[in-house]
1. Of the listed pairs Lys131/Lys163; Lys24/Lys131; Lys24/Lys59; Lys59/Lys144, which have alpha-carbon separations greater than 27 Å here?
2. Could you give the length gained on full extension between Asn27 and Ala87, defined as 0.36 nm per residue of separation minus the Cα-Cα distance, in nm?
3. So for the pair Gln53, Ser134, with labels modelled 7 Å out along Cα→Cβ, what separation do we get in nm?
4. Place a point 7 Å from Cα of Lys163 in the direction of its Cβ. Which residues in the stretch 47-76 have their backbone N less than 12 Å from it?
Amino acid sequence: MKLFCGLVLGAAIVTLAAVNPQLKQVNTVYILAMSGGMDQFLASQITASGVFQVVTDPKKADAIITDRLGEIFETKLAELYPTPAPAVPPPDEPKKAGDDKKSGLDLGAGGASRVSSGSRGKGNLFIVDRKSRSVLWSIFEPPKDSTPAELSKTAGRVVTRLKIDLSDKKQPSE
C-alpha cells in the first residue's frame, strides 16, 4: 500500500512539474476560431479570470490558442505571421545543375510533410508560442454537448486548469 501511495504521489509531482516554464512568460493571447464558437467562450472566461489578456490583433499576441494542430494550423500561422522574403544572394556563382540534390535526399517541392486528420480536435486545446511555434500547454477537455451553457462550463474548466498550471502552488492532481 505504501508503494502504491508513493507511486501515485510521484506521478502527481511529475505531472505538475511538466508545465512548460515558457508558459509563464505569456501575457497576451490570440484565439483562433474554433468549432461551436468555443473561442468566444474561452475569450470570455480568460478575460474574466485575468489569466491572459486576449487581443484581437494577432501581431500583439505572445501566443496563439487553437483547437487543432497540423497543416491547416501552420497555414493559418503563415497567413497571420508571414516570414520575410530571404535576401537574394549575390550573383557570385551561378548554380550548377544538381546542386539542390547534393545531399541525396529529395524532399520534393514542399519538403517534409505532416500527417493531419484535417478535423477539429473535439476537446483538445493548445497554447502555441507565436515565435518558436512550440506547444507550451495543452489540455483535453471535451464538452458534453454543444449547448452554450456546456461550452461555457467547459471553457471555465479549461481556464481553471490553466490557472492551476500557472500558479506556483502545488495542487493535487484530479
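1. Details: Lys131/Lys163 23 Å; Lys24/Lys131 15 Å; Lys24/Lys59 19 Å; Lys59/Lys144 34 Å.
The answer is Lys59/Lys144.
2. Full extension of this stretch gives 18.4 nm more.
3. Result: 2.4 nm between the two label points.
4. Those under the cut-off are 47-52.
Just so you know, all these numbers are worked out from the coordinates, no wet-lab data involved. Here the structure is a predicted model, which means the values were calculated and not measured. Heads up, the Cβs are rebuilt from the backbone with ideal geometry, glycines too, and the neighbour counts pull from every protein chain shown.
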